[in-house]
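Notes follow the structure.
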């Protein structure tokens, strides 16, 4: 009887251990997904500022200009995000990688995918009204729209404010920053050091 009791306790202990391990594994996966989605905002900010408004302006330019049609050249950038997510999913998949599969890859890929969906809803949907029509009157949604409208105020690859897509600063702060940029560029125009710059807002021509 004593042996049976010990066996029962041992079984219960193993079950509890497995449950704890599964819980810890699930929490780790959830943390990876959330951390990846948050980190992607930083990646998107840097890409927007230094790539889209840098050497890849030829693709991004039509996003800052009146555009007719469903698709933009700027939409090509989404393919890079999709490719990154797919690559990470593949890296974490035993079906693709076999015994070399790296399990965090699946959750990293999911984090990238979730950020991509948020970007599509917030930037393309809410801000640019490509998928639905709703203009927020208050709250953080209104701040998102205002911040991105201020980003588009320059109409140029140079200068500009608010390069993030989901996390944005107070529009009042962004307006002050934009005014300072315009004052600086206007001063350069007056002293002749800003050749090739536009009078529009004092910002350089694309």
(message) Tell me whether the range 66-75 contains one or more residues that are at pLDDT 95 or above, in contact with a helix residue (DSSP H, G or I) (Cβ under 9 Å, 6 or more places away or on another chain) and part of a loop (DSSP other than H, G, I, E, B).
(response) no
(request) Kindly indicate whether any position in the range 28-45 is modelled with pLDDT under 90, outside the structural domain of residue 164 (by TED's automatic domain parsing) and touching a helix residue (DSSP H, G or I) at 6+ places or on another chain (Cβ under 8 Å). (result) no
(request) Would you please name the residue that is surrounded by the most Cβ atoms within 10 Å (Cβ to Cβ), looking only at residues in the range 127-147 that are out of contact with any helix residue (DSSP H, G or I) (no Cβ under 7 Å at 6 or more places or on another chain) and not in a loop (DSSP other than H, G, I, E, B)? (result) 142
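The values are calculated or read from the model by the stated rules, or taken from the named source; none is laboratory data. This structure is a prediction, so every number in the text was calculated from the model and none was measured. Quick reminder, even Gly has a Cβ in these numbers, built from the backbone with ideal geometry, and neighbours come from all protein chains shown.
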